[in-house]
1. Looking at E32, E19, which is the one that is of a type in the set (D, E, K, R) and either open to solvent by 80 Å² or more (accessible area, probe 1.4 Å) or modelled with pLDDT under 95 (or both)?
2. I'm trying to understand the selection: among the residues of the range 35-52, which are open to solvent by less than 70 Å² (accessible area, probe 1.4 Å), more than 12 Å from M6 (Cα to Cα) and either assigned to a helix (DSSP H, G or I) or touching a residue at least 40 places away in the same chain (Cβ under 8 Å) (or both)?
Amino acid sequence: MRLKEMRKAAGLSVPKLVEITGIPRRTIQEIENRGDCMVSRALKLADALGVTLNELCEQSAE
């Protein structure tokens, strides 16, 4: 999952993403560290970032 990469590219901080999605800060940080999450959360995150679920879930280039 490319959440951290896409969040930074969108110029969003974790607190701003929390505000937009309603997903708790700790959960977002865990998703960025683990690289996976529930589909319902992934859909909220993709919507907030303006990307598709496929784009969000692609393997990062790292």
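1. Details: E32 fails: either open to solvent by 80 Å² or more (accessible area, probe 1.4 Å) or modelled with pLDDT under 95 (or both).
The conditions single out E19.
2. Matches in the range 35-52: S40, A42.
The values are calculated or read from the model by the stated rules, or taken from the named source; none is laboratory data. Just so you know, these numbers come straight off a predicted model, no measurement behind them. All Cβ positions, glycine included, derive from the backbone under ideal geometry; neighbour counts span all protein chains shown. We work out accessible area using only protein heavy atoms, side chains counted, and drop any ligands, DNA or RNA first. Shrake-Rupley method; radii C 1.70, N 1.55, O 1.52, S 1.80 Å.
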